[in-house]
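Each reported figure results from applying straightforward, stated rules to the coordinates on display, with no laboratory input. This is a predicted model, so every value here is computed, not measured. Note that each Cβ is placed from the backbone with ideal geometry, even for glycine, and that neighbours are counted across all protein chains shown.
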Ligand code: CUA
């Protein structure tokens, strides 16, 4: 037996430590999207597959280098281990052949990695040539504004896109640096505040492979609510997406200056199966609008049917179709009546530091009226 039982016993704590460390490292590598929806290891678009291919290539070379170098090291440690009785080994200085090899081989490997890396950088940093959907992404403290100029849609935090279509994003910020990131669909991309002297509008693109909800996150520190500046990309079939667009266009400031469309005399919804906007004189709208104006919501929010309906967005999101959104508070809470009422009661309790500050406490009657009013605007 080359290894004595004494040696094995001494190695045991090291083996246990190494195993624990390996397990900890490996749990970070899961591709389980249900548990970790923001994994970068389960690409769901052409864009993220480009990035993933590059990662796999680099990882492959890194593993080969690691195994060879560590293997040689362990072999040398074992083969040339010393004993107290050993004579002093032969002293040498330098080995030209060896030095040439260990300089040339890494240089060749780095060159092999550089080619796909540079190619991917160029592929992913330009705007696509023939985008099928164009969306403007505007970062705000602490929410995302989305405009679809060609489709006449204005919305917030939840981006709807059709599956299998190339989406082109043009991105900037309204205040400080943010970074838009939906890990399964596209890489991180910084959004810069633009002004008269600085006009850096960043492009990004992706074509989603499959339908579903993909969550994302602001990835550039932007203030107290940075970590909770979430986002969601809702990838739909073309029919679902078209129906969503038709619904969002109703009363949009980009379509008809925010005017409520004339009442539908046929009694049918404007898009089959999709609710339109409630009538201007419906009791829920009359009571809600009154509360909306009395509570000062208009200071920060554009809303169809109010004097600021023609504004795309003010300090806060445009609320004209708030009822159709799945979340509130930038993907932080499900958009339920309970959460919405809690938000209206105490926005700072739901998201400390949020820009939503109430001029006064709302009454429970006002909160009830506002929840019904916002919910009715699908
Ligand atoms: Cu926006 Cu961090």
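Given R0 = 30 Å, the distance between the Cβ atoms of residue 237 and residue 194 translates into a calculated FRET efficiency of 0.30. Computed over the chain, the per-residue total of -39500 (n - 2.57) for DSSP H runs of n ≥ 4 gives a 222 nm mean residue ellipticity of -12000 deg cm²/dmol, rounded to 500.
Taking packing as the residue-averaged number of other Cβ atoms within 10 angstrom, the listed peptides 12-25, 304-317 run from highest to lowest as 304-317, 12-25. Between the alpha-carbon centres of the stretch 184-208 and the stretch 317-377 there is a gap of 29 Å. Measuring nothing but how far apart in sequence close Cα pairs (under 8 Å, 6+ apart) lie, relative to its length, the chain scores a relative contact order of 14 percent. Using equal-weight Cα scatterers in the Debye expression, the normalised intensity of the stretch 177-266 in log10 at q = 0.12, 0.18 Å⁻¹ is -0.59, -1.02.
Multiplying the residue separation of residue 56 and residue 221 by 0.36 nm and subtracting their alpha-carbon distance yields 56.5 nm.
Taking label points 7 Å from Cα along the Cα-to-Cβ direction, residue 87 and residue 100 give a separation of 3.3 nm. Looking at the P(r) of the chain, how many percent of alpha-carbon pairs lie beyond 27 Å? Value for the chain: 60 percent of Cα pairs lie more than 27 Å apart.
To the nearest Å, what is the center-to-center distance of the stretch 213-261 and the stretch 28-90, using C-alpha atoms only? First find each Cα centre; the distance between them is then 40 Å.
Against the longest principal axis of the chain, how steep is helix 283-294, in degrees 0 to 90 to the nearest 10, with axes from Cα atoms? Taking Cα atoms only, the helix is inclined about 70 degrees. Comparing 116, 128, 193 in a Gaussian network model of the chain where C-alpha atoms under 10 Å apart are linked, the largest mean-square fluctuation is found at 116. Dividing the alpha-carbon radius of gyration of the stretch 76-228 by the rule-of-thumb value 2.2 N^0.38 Å gives 1.72. Computed from Cα positions, the angle between helix 46-79 and the longest principal axis of the chain comes to roughly 20 degrees. Efficiency by 1/(1 + (r/R0)^6): what FRET value for residue 27 and residue 300, r their Cβ-Cβ distance, R0 = 51 Å, to the nearest 0.05? It comes to 0.75.
Over the C-alpha atoms of the stretch 1-156, the Rg to Rh ratio, Rh being the Kirkwood estimate, stands at 1.17.
Would you kindly give the portion of the calculated P(r) for the stretch 43-109 that falls above 16 Å, as a percent of all Cα pairs? Tail fraction, whole percent: 70. Output the 0 to 90 degree angle, nearest 10, between the alpha-carbon long axis of helix 5-27 and the longest principal axis computed from the alpha carbons of the chain. Roughly 20 degrees between the two axes.
Suppose the Debye formula is applied to equal point scatterers at every Cα of the stretch 290-378; what is log10 I(q)/I(0) at q = 0.14, 0.15, 0.21, 0.25 Å⁻¹? Here the Debye-derived log intensity ratios amount to -0.44, -0.51, -1.10, -1.68. The antiparallel fraction among DSSP beta bridges confined to the chain stands at about 70%.
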